Amino acid sequence: MSVVGQGLPAAHAEVKAEIARTDTKAGLLLAFVGALLAGAWTVARELPLNTAAYVVGGAGMALLVAAADLLLRSVRPNLGGRRPVGFPLWATLTPQEIADATAVCDLSVDVGGLSRLAVTKFTGLRRAVNLTRAGGALLILAGLLTLGGAV
């Protein structure tokens, strides 16, 4: 077996592990964003907000909702639509068809496809983190505007 042949299983495992890590990070961030949204909503209902705080806080909440949307899209399963690939495809095949398909499986094609999936997931996660940071900053500003208006 060549060095490339020995490296493909390792590359395949590494890409699959990176996808799992990205999904875990997205799940944790989604829980954090949900808690932040719930907490901000609860606090905003109890305080007398001025117009500036409403505007800034509303923008912060909108960014957090956008971050949650990106996170949900990042972890959303893609079953392939009309032409399933990977796992959904296996569910439609007979045992003999599965054996035939796996006999000619090219691991390098799978590594490439999984790598593109990992990059897409990671990009969505990075954008969601940026939106969460911006939304959190706006919520802090809204809190400061509310405190400043109350003084």
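Worth a mention:
- Single unsatisfied condition, Thr123 versus (1) touching a residue at least 24 places away in the same chain (Cβ under 8 Å); (2) within 12 Å of the chain's Cα centre (by Cα): (1)
- Restricting the range 120-135 to residues that are touching a Leu at 6+ places or on another chain (Cβ under 9 Å) and among the β-branched types (Val, Ile, Thr), the residue that is farthest from Val65 (Cα to Cα): Val129
- Within the range 30-43, the set of residues being closer than 16 Å to Ala137 by Cβ and buried (at least 18 other Cβ atoms within 10 Å of the Cβ) comprises Val33, Leu36, Leu37, Ala40.
- Among residues of the range 7-43, those that are hydroxyl-bearing (Ser, Thr, Tyr) and touching a Lys or Arg at 6+ places or on another chain (Cβ under 8 Å), counted: 1
- Of the residues Leu72, Leu117, the single one that is within 26 Å of His12 (Cα to Cα), in contact with a Leu (Cβ under 8 Å, 6 or more places away or on another chain) and at pLDDT 80 or above is Leu72.
- One residue stands out among those in the range 104-119 that are within 30 Å of Ala67 (Cα to Cα) and without any contact (Cβ under 8 Å) to a residue 40 or more places away in the chain: the one that is surrounded by the fewest Cβ atoms within 10 Å (Cβ to Cβ), which is Arg116.
- Among (1) in contact with a Leu (Cβ under 6 Å, 6 or more places away or on another chain); (2) among the hydrophobic types (A, V, I, L, M, F, W, C); (3) at pLDDT 90 or above, the one test that Trp41 misses: (1)
- Residue that is more than 13 Å from His12 (Cα to Cα) and either at pLDDT below 90 or loosely packed, with under 13 Cβ neighbours inside 10 Å (or both), where the choices are Ala134, Ala101: Ala101
The values are calculated or read from the model by the stated rules, or taken from the named source; none is laboratory data. These numbers come from a predicted model, not from an experiment. So basically every Cβ, Gly included, is an ideal-geometry build from the backbone, and we count neighbours across all protein chains shown.
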